[in-house]
Amino acid sequence: MPRGLFITFEGLDGSGKTTQIKRLAAWLEGRGHPVVVTRQPGGTAAGDRMRAILLDAQGAPLAPMAEMALMFADRAQAIAEVIRPALEAGKIVLCDRFTDSTEAYQGGGRGLESATVLELHRLICADMQPDLTLLLMPNFEASLARARRRNTRAQERTGKNEGRFEAEQDAFYRRVWEKYREIAAREPQRVVRIEGDLNIEEVHEQIVETVAERLLLTVKEG
Ligand code: TYD
């Protein structure tokens, strides 16, 4: 069976993932590749409902274990409904966040530890691994400031506050950031880190270069 390519995007809130995913999808489609774009949490009907619970900043705080379990429930649904069928149809899946987010935010940020997250990933997601993960790490303070501004604007527009995470303290985000670095150091083959003060165009170019290399590899292997 032909198998597509599974690419995930990771990074702090406000790291520019959404813009880069759109740019990469357009680049790939322009070259005739079938692309599916999705995000976590969300991306399925059930997942969107879980997302509302996960990100609602007004409700009672979720217990960290409940939060993690719901992230995995959302992921299991996305794998079954969107990701696996697309890959089996030979498509390129671009996913905004995957299990690295759970390891960074719940494992690192909430202090639930990597081992628990990885064990759940093995059990619930059959240890499914992305072919490539693009980890966007621009300046720490600028990312957070952007995420918080965006959240305020979205709240003014929609009346909904999806900012449960944006409301966290900087120390929480430092732990998330450190955990991302740890994951990248542990899995250098899969995780490509794009760091520093680059503009949108420069980041896009680096991403395209990395993805083009992987595509070439897939063509050769296939
Ligand atoms: P979202 O609005 O999609 O933010 P972004 O555009 O920055 O990805 O919100 C997703 C939030 O959920 C984000 O703060 C990270 C968090 N999250 C986790 O804590 N664990 C997870 O497993 C996932 C997928 C997301």
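Checking Ile53 against (1) out of contact with any helix residue (DSSP H, G or I) (no Cβ under 6 Å at 6 or more places or on another chain); (2) closer than 26 Å to Thr218 by Cβ; (3) within 13 Å of the ligand (Cβ to nearest atom); (4) among the β-branched types (Val, Ile, Thr), which test does it fail?
Unmet for Ile53, out of (1) out of contact with any helix residue (DSSP H, G or I) (no Cβ under 6 Å at 6 or more places or on another chain); (2) closer than 26 Å to Thr218 by Cβ; (3) within 13 Å of the ligand (Cβ to nearest atom); (4) among the β-branched types (Val, Ile, Thr): (2).
Would you check if Arg214 is without any contact (Cβ under 8 Å) to a residue 24 or more places away in the chain and either under 24 Å from Glu103 (Cα atoms) or not hydroxyl-bearing (Ser, Thr, Tyr) (or both)?
For Arg214, the condition - without any contact (Cβ under 8 Å) to a residue 24 or more places away in the chain and either under 24 Å from Glu103 (Cα atoms) or not hydroxyl-bearing (Ser, Thr, Tyr) (or both) - is not met.
Among the residues of the range 143-167, which ones are more than 11 Å from Leu12 (Cβ to Cβ) and in contact with a helix residue (DSSP H, G or I) (Cβ under 9 Å, 6 or more places away or on another chain)?
Scanning the range 143-167 gives Lys160, Asn161, Glu162, Gly163, Arg164, Ala167.
Any residue in the range 141-151 that is assigned to a loop (DSSP other than H, G, I, E, B) and either in contact (Cβ under 8 Å) with a residue 60 or more places away in the chain or farther than 27 Å from Glu209 by Cα (or both)?
no
When the residues of the range 18-37 are filtered to those that are within 15 Å of the ligand (Cβ to nearest atom) and surrounded by 21 or more Cβ atoms within 10 Å (Cβ to Cβ), which remaining residue is nearest to the chain's Cα centre (by Cα)?
The residue in question is Ile21.
Being within 19 Å of the chain's Cα centre (by Cα) and among the polar types (S, T, N, Q) is the filter here, so list the residues in the range 43-69 that pass it.
If the condition is that a residue be within 19 Å of the chain's Cα centre (by Cα) and among the polar types (S, T, N, Q), then Thr44 is the only one that fits.
Quick grid of which residues meet (1) acidic (Asp, Glu); (2) within 12 Å of the ligand (Cβ to nearest atom):
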| position | (1), (2) |
| --- | --- |
| Ser101 | no, yes |
| Tyr105 | no, yes |
| Arg110 | no, yes |
| His121 | no, yes |
| Gln129 | no, no |
| Ala142 | no, no |
| Ala147 | no, yes |
| Asp170 | yes, no |
| Val192 | no, no |
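Pull up the range 122-181, narrow it to residues that are at positive phi and not acidic (Asp, Glu), then point me to the one that is surrounded by the most Cβ atoms within 10 Å (Cβ to Cβ).
Per the stated criteria, the residue is Ala126.
Here is a check on your reading of the model: is Gly107 part of a loop (DSSP other than H, G, I, E, B) and either among the β-branched types (Val, Ile, Thr) or in contact (Cβ under 8 Å) with a residue 60 or more places away in the chain (or both)?
Considered against the rule, which asks whether it is part of a loop (DSSP other than H, G, I, E, B) and either among the β-branched types (Val, Ile, Thr) or in contact (Cβ under 8 Å) with a residue 60 or more places away in the chain (or both), Gly107 comes out as no.
Only the coordinates and a few stated rules stand behind these numbers; no lab work does. As the structure is a prediction and not an experimental result, all values here were calculated from the model. Every residue, glycine as well, gets a Cβ built from its backbone with ideal geometry; the counts of neighbours run over all protein chains shown.
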